[in-house]
Amino acid sequence: MERKDSVVLVFIAVLVFEGYFCGRGYAGTVTYDHKALVINGQRRVLLSGSIHYPRSTEDVWPELIRKSKEGGLDVIETYVFWNYHEPVKGQYYFEGRFDLVKFVKTVQEAGLFVHLRIGPYACAEWNYGGFPLWLHFIPGIQFRTTNTPFKNEMKRFLAKIVRIMKEGKLFASQGGPIILAQVENEYGNVEWAYGVGGELYVQWAAEAAIGLNTSVPWVMCQQEDAPDPIINTCNGFYCDQFTPNSPSKPKMWTESYSGWFLAFGNAIPFRPVEDLAFSVARFFEMGGTLQNYYMYFGGTNFGRTAGGPLIATSYDYDAPIDEYGFIRQPKWGHLRDLHMAIKQCETYLVNSDPTYIPLGPNLEAHVYYKKPDGCAAFLANIDQNVDANVSFNGNFYSLPAWSVSILPDCKNVIFNTAKVVSQRSLGDFSHRQTSSVKETILATSKWGWYKEQVGIWSNNSFTSSGLLEQINTTRDVSDYLWYTASIDVTENEKEVYLNVASLGHAAMVFVNKRFVGFGYGNHEDASFTVTQKIMLNQGKNTLDMLSMIIGIQNYGPWFDIAGAGIFSVALVDLMNAKEDLSFKAWSYQVGMEGEYLGLDQTSLANSSLWTMGNYPPVNQTLIWYKTTFIAPEGNGPLSLNLASMGKGQAWINGEGIGRYWPAYLAPTTGCSEPCDYRGSYDASKCLKNCGQPAQILYHIPRSWVHPGENLLVLHEELGGDPSKITVSTRTGQEICALISESDPLPVNSWKPNSEFKHTSPEVRLDCERGWKITSINFASFGTPKGQCGEFSHGSCSAENVLPVFQKACIGHESCAMAVSTLNFGDPCVGVLKSLAVEALCSA
Ligand code: GAL
């Protein structure tokens, strides 16, 4: 290549990197060919990440997007959540954290692209998969198949969203950031269940999308039969083996799972970054050009937005940015390094298909050539156990098991997926406390409480013969439905077994207004039975059952008609004679009285409905609590520790922070921490927190509290001790790194057509924006022992490492130090040395 050309190329590369092409009045064209998306005539390698706008508050969007951009992303992907945009047919809502236009513009302002997954089916562990419940009640409707009422509504909503985006000039051809749109979602996974209707529906959905003239390509994920020109894309833990359904389409990956979602009653899934990086590197190695992390930031299922059954309130997802918006290390940093390495290969990746060169058993090279200036290569060891040494292009390379090395010039390794040189963090605010928190105990505050009555509480109850399906009955205005009946006993009092069977998701059973049992399912199977020995009095007895939904199902064939609620009730006496109560007259009451009164609202904070006192009653079923608290100082997010509570919902200043259920413990077995990243990952491979509640900390966005007194309201179902609730905010972070002299050189110091600017690896420490390094707790150069958080000096250790670090780092937001004897002298000549450091960042 001529020098002049390379200058021009570098210039273009800088413009692309700076996001020049994605907005600010620049009319862009987006097309595709068999290699890649083509933006303004140029094939692009694109790194993308999912951020769902309503899973955070709008004030933090710019910060989340900035962190995404710094992490090396080009594209932000989001679903559109129909049920919250059109809560009542024909009445639209696009305010606050549902302000979709504002979100798209925020991404644009940061200079990134948008992939808009309009659906309108989302899935996404979101209530009812994003469908509004009113849709279900349209006569004759069948969802996601060739059914006219459904198609009319779907088409209307697709058109509505496209129109809003066009009005905002948000499509690329209008100078906007949207370069890609999605119709439907993973329909191919369930299409078999819809027969011919399903096939016709796919054709129809494709035509409906194309007919909207967005001027950007459409995708259908997990849809092998996606008709041209729609691009079928891959979702999965690995997508390197995927090929699109036509040689004219590029290989794209719309859901690359950074972790997995959490359900109440389950252990917490996590995915080691070495494996995630491996899967992503393999994808680009094998010809992929667009990859999207699901999720890059997961966030929170506020209020009743969580899907079901039993999806937890935290949607942290073990993502590179955690539930609270903090950077998760080393995940974020290692992926940023990976992205930089991939981008160094971009011009090669888009130029040709890879050439496969076998290097040995389970050892592969894939090379991308570009004339006249050589090649870029990926070297992979896909063996789960055995590290290997390979020879490639005249040089030797060591490849740890289950890893990929990236060589942007077919010679220098600038990144290996298994060698993490990014900083790490100690403690994790999302699921567990760290020491850097400021905590406020509520115990001294004044409390109010309101006890719900058991059973029917109003005259808008109704009676029906037989047991009703719950969702059709409540229409999801509430999680709760009371099923009540009376049982007459003519003879003397008697002991019987009460058998209750439910489709899900949980139910409390009361006999003669006394709580006798609680049953619940789990995410995998929400159905359950309650069998309880009870005593019936002579004469009239009451049976009251409070059935609860914990997020309406969001996935599966015909998921939209999956039922919930109690379907069978029987009494079995001690002689085994059975009396079936299922078909008798039952009275129904939708919702709790407290919901009807609006006890969660600030307007009722001073109402005389509340009984006031210093000591709230503990271990009470069906009770509302309220108190006020002063938020811990700072600008950062808050978390509410509900470990002392049972199950219910919580509100801060009238905003629903979600369902809580600390009383439900995960199974005691099945966890593996640490988890070997080597070998194929799936959602049950790496779990932590066995035997513990899935979630005890609940996210309160900073923008939901104010100086002075804030209102906390809880609706507790099972019983707990509210006096033990605490609110905390994070005041700092403990960070650490352990880097060896033999570790890779920093990828950002690599310049094409040259060598590394650096000659040794480095330790780099970065605080969250706004914090500075305030102390260095440990530093050692030599042979330090242990891991982050528990380092100690080894037999070889240089003197004065601590003061060197203190001088370079304290008072700075970030600092870097070469892992080299030039900085610290040589404490043990001829021995491979490393540098270990632990620091504290705070305000
Ligand atoms: C996929 C789906 C996503 C999300 C994911 C699991 O099947 O497309 O919306 O539900 O699974 O988190």
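The values are calculated or read from the model by the stated rules, or taken from the named source; none is laboratory data. Keep in mind that what you see is a predicted model, and the values were worked out from it rather than measured. Neighbour counts run over all protein chains shown; Cβ positions are idealised from the backbone, glycine included. The accessibility values were calculated without ligands, DNA or RNA, using every heavy atom of the protein model including side chains. Shrake-Rupley method; radii C 1.70, N 1.55, O 1.52, S 1.80 Å.
Odds and ends about this structure:
- Helices in the chain that qualify as membrane-span-like (whole DSSP H runs, Cα extent of at least 18 Å along the helix axis, mean Kyte-Doolittle hydropathy of 0.5 or higher) are 3-17, 195-210.
- Accessible area per residue, Å², the chain with all protein chains present, probe 1.4 Å: 37
- For region 177-219, the residues whose backbone nitrogen is under 13 Å from a point 7 Å from the Cα of K151, taken along Cα to Cβ, are 197-209.
- Descending by average beta-carbon neighbour count within 10 Å, the peptides 673-680, 376-383 line up as 376-383, 673-680, the highest first.
- On region 349-407, 52 percent of the accessible area sits on carbon and sulfur atoms, based on a 1.4 Å probe.
- Candidate residues K151, K540, K419: accessible-area rank, largest first, probe 1.4 Å: K540, K419, K151
- Greater than 32 Å apart at Cα, pairs in K533/K688; K151/K251; K160/K343; K688/K724; K102/K647; K494/K626: K533/K688; K160/K343; K102/K647; K494/K626
- Under 5 Å from the amide H of K688 lie the amide H atoms of I268, F270, each residue being 5 or more positions distant or on a separate chain, with H modelled from the backbone and absent for Pro and chain starts.
- S792 accessible area, 1.4 Å probe, all protein chains in place, Å² to nearest 10: 50
- Taking amide H as placed 1.01 Å from N in the peptide plane, F392 has its amide H under 5 Å from the amide H of Y397, each at least 5 places away in sequence or on another chain.
- Amide H contacts for E762 (H built 1.01 Å from N in the peptide plane; partners 5 or more residues away or on another chain; cut-off under 5 Å): V819.
- Karplus (6.51, -1.76, 1.60) ³J(HN,Hα), θ = phi - 60°, over region 244-253, in Hz, Gly and Pro reported as x: x, 7, 8, x, 8, 10, x, 8, 10, 10
- Probe 1.4 Å, all protein chains present, accessible-area order of W260, W82, W651, largest first: W260, W651, W82
- All-pairs Cα distance distribution in region 177-321, expressed in whole percent, bin size 10 Å: 11, 32, 34, 21, 1
- The portion of the accessible surface of region 46-344 made up by carbon and sulfur, rounded to a whole percent, is 53 (1.4 Å probe; DNA, RNA and ligands excluded).
- Considering only Cα atoms, the convex hull volume of region 591-716 works out to 157 Å³ per residue.
- For region 353-419, the equivalent ellipsoid built from the Cα gyration tensor has semi-axes of 20, 12, 10 Å, listed from largest to smallest.
- Shown for region 467-588: the carbon plus sulfur share of the solvent-accessible area, taken with all protein chains present and a 1.4 angstrom probe, equals 49%.
- Of the Cα atoms belonging to the chain, the radius of gyration and Dmax stand at 29.0, 103 Å.
- Adding -39500 (n - 2.57) for every DSSP H run of four residues or longer, then dividing by how many residues the chain holds, sets the calculated 222 nm ellipticity at -4500 deg cm²/dmol.
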